[in-house]
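**Q** Right, I'll just put the structure down here and ask away after.
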Amino acid sequence: MKHIKRAIIFFLIIFFSASILSIYLYFKKPEGEMIYYRDKVLVISYQHVAQKTNSATITPQLFAAHMQTIKDYGYNVISMEQFLKFMDKQGTVPPNALVITFEDGYESFYTQAYPILNNFGYVASNFIVVAPTEESNTEIPHLSWDQMRELKKIGMSFYSHTYDSHKITTDKNGAQTYVLTSPIFLEKTKNWETQEEYEARVREDLQKADNFLQDKLENQRKLLAFPYGAYNPTVLNIAQQLGIEYFFTEKEGINEPGMKEIKRINVGAPDISPLFFLWKLKTNDE
């Protein structure tokens, strides 16, 4: 019996030692150039950078640590423009190509994220909810058009996160849903939207967002990031009719030319340590 116990203990020691060694080698900083993937692109996403965190906010210190991890492990940050050319099958990307995106259009992109990005020589894109930019009276300050124009001159870019559809609602059964993907109750008429009214509202919202982006920032490309990652065939069909070319989702994975629904890795939470951040990159590169 003692021999069996000793054998089990010996096996467990070997097993855990091997596991620890594997983890160490997996996350060990590469010496020289390391190529994890070619002719593919990872896209990561953030929302807000501030000292006071929540589930969608990280501190400037953690964001800087993420950017240092990108540098240390040999990922090559590319612009949205280069990514789109690659997805259009009209350009190439370096090995380990990575695109940095933000959502919602918070002013922290200008005050907190940009100085860190600039320190590393990185560029990023922000999918803005246009209505708060126009209203300028929101609880969390949003980017101004002047700030976006300033950042655009140095390589940043801005696209649609809808005009005013970044909202949660309830459906006819009282279940939580999203205004972009479901008919809503109209207080004015005390009735639920018909399918035709729902589609007309979505069309107007998406078109209005792109009109502002073209007018204020002279955008030529139309991209859409779905609020909460929620969409359906109706939304896709309307967006395509409006000339929107690529759709940024919250499905995780890696991107190759020919895809229209872009996969993104959400890393903008306070529990995404640099090690966890690296793990998320490495487990999504195939």
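**Q** Nearest 0.05, what FRET efficiency do T138 and N237 give at R0 = 25 Å with Cβ-Cβ as r?
**A** Values: r = 31 Å, r/R0 = 1.23.
For T138 and N237, the calculated efficiency is 0.20.
**Q** Using just the helices of the chain, give the 222 nm mean residue ellipticity in deg cm²/dmol: DSSP H runs with n ≥ 4 each add -39,500 (n - 2.57), and the total is spread over all residues, rounded to 500.
**A** -12000 deg cm²/dmol
**Q** I want to verify a result. In a Gaussian network model of the chain, Cα cutoff 10 Å, which of these has the top mean-square fluctuation: K188, K216, K89?
**A** For the chain, modelled as a Gaussian network with Cα springs under 10 Å, the answer is K188.
**Q** Roughly what % of DSSP beta bridges within region 140-286 run antiparallel, to the nearest 5?
**A** On the way: 5 of 11 bridges.
In region 140-286, DSSP labels about 45 percent of beta bridges as antiparallel.
**Q** Using r as the Cβ-Cβ distance of D39 and D215, and R0 as 35 Å, what FRET efficiency do you calculate, to the nearest 0.05?
**A** Values: r = 36 Å, r/R0 = 1.03.
Efficiency computed from Cβ-Cβ geometry: 0.45.
**Q** By how many degrees, between 0 and 90 and to the nearest 10, does the Cα long axis of helix 60-72 differ from the longest principal axis of the chain?
**A** So the helix axis and the longest Cα principal axis differ by about 60 degrees.
**Q** Note down the magnitude of the dipole of the chain about its Cα centre, charges +1 on Lys and Arg C-beta and -1 on Asp and Glu C-beta and zero elsewhere, to the nearest 20 debye. Walk me through the intermediate numbers first.
**A** On the way: 30 positive and 34 negative charges, 278 e Å.
Charge dipole of the chain: 1340 debye, to the nearest 20.
**Q** While we're here: Need the full-extension length gain, Q68 to I168, defined as separation in residues times 0.36 nm minus the C-alpha distance. One decimal, nm. Write out the running numbers ahead of the final one.
**A** Details: separation 100, 0.36 × 100 = 36.00 nm, distance 3.50 nm.
Taking 0.36 nm per residue and subtracting the Cα distance, the gain is 32.5 nm.
**Q** In a GNM of the chain with a 10 Å cut-off on Cα contacts, which of F83, F185, F248 has the highest mean-square fluctuation?
**A** Looking only at F83, F185, F248, the largest GNM fluctuation is found for F185.
**Q** How high is the FRET efficiency between K152 and K89 when r is their beta carbon distance and R₀ equals 30 Å, given to the nearest 0.05?
**A** 0.75
**Q** Note the angle between two axes, namely the Cα long axis of helix 2-27 and the longest principal axis of the Cα atoms of the chain, as a number of degrees from 0 to 90, rounded to the nearest 10.
**A** Compared with the principal axis, the helix lies near 50 degrees.
**Q** Of N126, L186, N211, which is farthest towards the positive pole of the chain's charge dipole, taken about the Cα centre with +1 and -1 on the beta-carbons of Lys, Arg and Asp, Glu respectively?
**A** Toward the positive end, the furthest listed residue is N126.
**Q** Simple spin-label model, 7 Å along Cα-to-Cβ: T111 to N191 in nm?
**A** Result: 4.6 nm between the two label points.
Taken together, the values in this text are just the output of simple stated rules run on the coordinates, not laboratory data. These numbers come from a predicted model, not from an experiment. Cβ atoms come from the backbone with ideal geometry, glycine included; neighbour counts cover every protein chain shown.
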